[in-house]
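Data block below; observations after.
Coordinate-derived values only; no laboratory data. This one's a predicted model, so the numbers in the text were calculated from it and none came from an experiment. When we count neighbours, we look across all protein chains shown, and the Cβ atoms used for this are built from the backbone with ideal geometry, even at glycine.
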Amino acid sequence: MSEIATLPDGPLVGIDLGTTNSVVAAVDRAGIATAIPDEDGERILPSVVHFPRGGEPMVGAQAKAMAAVDAGRTAAAFKRGMGERTFLAGGAAFVVDGREVRPEELSAMVLTRLRLTAEAHFGRPLGGAVITVPAYFGDPERRATITAGELAGLKVLRVINEPTAAAIVNGLDDPSSSGRILVFDLGGGTFDVTVMRVGDDRSLVVEATGGDHRLGGVDFDRLIVDRMAQVAAAETGVDLRTELAALADATAKAEEMKKELSRTTTSTRPLTVGGRSLSFTLTRADFEALLDEAGYLQEIEDHIVAVLEDAGLEPAALDHVLFVGGSSRIPAMAERVRACTGREPRFSRNPDEDVARGAAMVAAKTAHEAAPPGAALAILDASSQLALMPAPRDVASRGLGSTVVDEATGATVNQIIIPAGTPVPCREEVVNRALEDGQTHLNLDLTEGDSTDVDFVRILGEHLGSFGRPVKKGHPIRVSIEYTADQLIICQAYDGETGAFIAEVKVTGGGMSDSEKESALEQLARYRL
């Protein structure tokens with residue numbers, strides 16, 4: 001890598017914080033992005049944390065290996081719980097030595113390892129980072145990701161959607177990829193499908209996005225584990241899922257078999273259950289039948305159809321289909337996408353690293369555009385393709401609004417103020433009215449969802465504000481919602497006559513409190529990761 005894109009504070013990096021694996025990358029001043037290897041030459045870090053009894057936490061491959069012998073003290077797939085207290089099966093929290101460890105803190109350990117890898121590579125502290133998130137992450141999950149970065153000692157410049165990051169890399173790596181693209185991003189724990197337009201000048205405009213941030217490779221592994229359990233129970237009378245060591249071993253082997261079946265048609269692994277040894281064989285056809293029976297293939301097709309409808313497109317309007325994420329390698333995915341789009345999928349050049357590479361490009365471009373003219377040249381050469389590329393435009397992945405009372409029915413309904421698919425950044429405002437004479441307060445809330453039915457939206461936060469005086473029925477109230485480029489949200493209400501501030505919603509969404517952050521920082525400072 002030639003001279004690196006840097007700020008006065010240090011080099012810029014992009015990070016793909018994945019459910020199963022994570023990667024850190026940097027970009028040189030020519031705009032070429034490369035994943036950064038650790039001291040062992042590995043570019044991919046498993047997103048797994050293990051807490052040995054009486055020892056320092058392990059992060060990465062070593063932690064993943066410990067899952068087979070000490071599953072109860074090993075955390076994985078915690079990205080799915082970002083912004084929530086619980087992420088384990090059955091809604092349980094991850095507790096070790098009597099202490100609850102939140103997903104943000106576990107993610108911070110992974111990010112710390114990536115930060116240390118990059119700092120060792122460059123021999124100096126980092127100047128800033130862009131972290132990727134699934135396009136279908138909501139505001140609480142995005143804020144939790146930023147919190148994890150801050151806990152890890154990173155200056156988080158912004159978060160960016162994973163499909164957008166992948167498309168940026170693809171667009172600069174392959175100049176022939178302009179046109180309308182469907183990005184199919186299926187990773188270890190999340191699934192995004194995004195339609196975007198890529199111009200000849202490498203401009204990128206997202207038109208629609210959808211998906212499920214709780215669907216991915218770990219779910220497919222679980223199907224194989226369940227089949228293993230059926231076979232083992234028939235031979236031994238023991239359910240391997242009741243034995244922690246057997247379950248951890250089966251889970252690791254299920255992942256191996258899943259990957260192997262993308263290259264071959266049959267895979268076999270030994271299992272030890274109830275003290276007995278047995279052999280388990282799975283064919284590709286068997287695996288595809290499991291995916292079909294579980295409804296995953298149909299769910300994936302439904303998301304593709306829905307996103308095309310949101311974009312107002314027929315499949316024939318697509319010029320390319322780009323596959324990103326490790327689980328996109330499963331042959332059944334290409335077959336299903338080919339059938340419902342009529343397009344031959346094209347794989348990202350490196351599905352495991354390209355999202356991090358795209359994030360590094362965004363980090364450099366963001367800093368380049370914000371820098372004074374003289375300082376900008378220290379980040380990117382003015383003639384580089386990345387410097388000349390217009391800034392990407394994303395869209396709101398979900399609708400945003402506030403609840404109001406329908407005067408005709410008296411029912412509380414969700415008022416959508418920013419519909420899903422609106423280009424971001426954006427700001428929209430509506431005028432509502434006081435409900436009764438003498439009203440002195442307003443209960444302002446912020447909703448996330450695309451339905452007018454309040455039972456089908458998520459309330460991100462609420463605040464009781466005061467008019468400062470009694471107002472009459474029908475008094476105007478201006479409610480505004482701002483959606484930033486990071487897809488973070490600001491919701492405020494003002495007096496429609498005087499312009500006086502009434503209320504601002506502070507998004508909660510189960511995020512960490514200040515005291516929890518302080519406790520996590522103190523705990524992380526004790527670890528040598």
Arranged by the count of other C-beta atoms within 10 angstrom, fewest first, what order do LEU446, LEU151 take?
LEU151, LEU446
Of LEU308, THR236, MET82, which is farthest towards the positive pole of the chain's charge dipole, taken about the Cα centre with +1 and -1 on the beta-carbons of Lys, Arg and Asp, Glu respectively?
THR236
Take the residue pairs LYS64/LYS365; LYS472/LYS506; LYS79/LYS155; LYS365/LYS506; LYS155/LYS506; LYS365/LYS517 and return only those whose Cα atoms are more than 24 Å apart.
LYS64/LYS365; LYS472/LYS506; LYS365/LYS506; LYS365/LYS517
Classify region 88-210 from the C-alpha gyration tensor, please: rounded if a/c falls under 1.5, else prolate or oblate depending on whether a/b exceeds b/c.
oblate
With θ set to phi - 60° and the Karplus curve 6.51 cos²θ - 1.76 cosθ + 1.60, what are the ³J(HN,Hα) couplings of region 458-464 in order, to the nearest whole Hz, using x for Gly and Pro?
9, 8, 7, x, 8, 8, 8
Skipping prolines and chain starts, which residues have an amide H placed within reach, meaning under 5 Å, of the one on VAL96, given they are 5 or more residues away or on another chain?
VAL101
With unit charges on the beta carbon (Lys/Arg positive, Asp/Glu negative), name the residue among ALA63, SER397, PRO423 whose Cα is farthest towards the positive pole of the charge dipole of the chain.
ALA63
Counting only Cα, what are the radius of gyration and maximum Cα-Cα distance Dmax of region 217-293, in Å?
11.6, 33
With +1 on the Cβ of every Lys and Arg and -1 on the Cβ of every Asp and Glu, and nothing else charged, how large is the dipole of region 396-505 about its Cα centre, in debye rounded to the nearest 20?
220
Starting from the alpha-carbon convex hull of the chain, give the projected area averaged over all orientations, in nm².
27.6
So for region 107-160, using the alpha carbon gyration tensor with a ≥ b ≥ c as root eigenvalues (a/c under 1.5 gives rounded; past that, a/b versus b/c decides prolate or oblate), I'd call it prolate
Based on the Cβ-Cβ distance of ALA370 and GLU344, what FRET efficiency does E = 1/(1 + (r/R0)^6) give at R0 = 41 Å, to the nearest 0.05?
0.55
Neighbourhood net charge (13 Å Cβ-Cβ; Lys/Arg +1, Asp/Glu -1) for GLU497:
+3
A correct Karplus calculation of ³J(HN,Hα) over region 32-47, with 6.51 cos²θ - 1.76 cosθ + 1.60, θ = phi - 60°, whole Hz and x for Gly and Pro, returns 8, 9, 9, 5, 9, x, 7, 5, 9, x, 8, 9, 10, 10, x, 7
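Using mean Cβ contacts within 10 Å as the protection proxy, how do 499-506, 215-222, 67-74 order, highest first?
Ranking, from highest mean packing down: 215-222, 67-74, 499-506.
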Highest-first arrangement of 391-400, 141-150, where packing means the average Cβ count within 10 Å:
141-150, 391-400
Name the long-range amide H neighbours of PHE191: under 5 Å, sequence gap of 5 or more, or other chain; modelled H, no Pro or chain starts.
ASP212, HIS213, ARG214, LEU215
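Let me have the relative contact order for region 396-505, percent, based on Cα pairs under 8 Å that are six or more residues apart.
It comes to 28 percent, rounded to a whole number.
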Pull up all non-local amide H partners of GLY18: gap of 5 or more, or a different chain, and H-to-H distance under 5 Å with H placed in the peptide plane.
VAL23
Given R₀ = 30 Å, FRET efficiency for GLU301-SER203 by Cβ-Cβ distance, to 0.05?
0.55
Take each of the peptides 346-356, 328-338, 12-22, average the number of other beta-carbon atoms within 10 Å over its residues, and list them starting from the highest.
12-22, 346-356, 328-338
Tell me the mean residue ellipticity at 222 nm calculated for the chain from its helices only (DSSP H runs of n ≥ 4, each -39500 (n - 2.57), averaged over every residue, nearest 500).
-9500 deg cm²/dmol
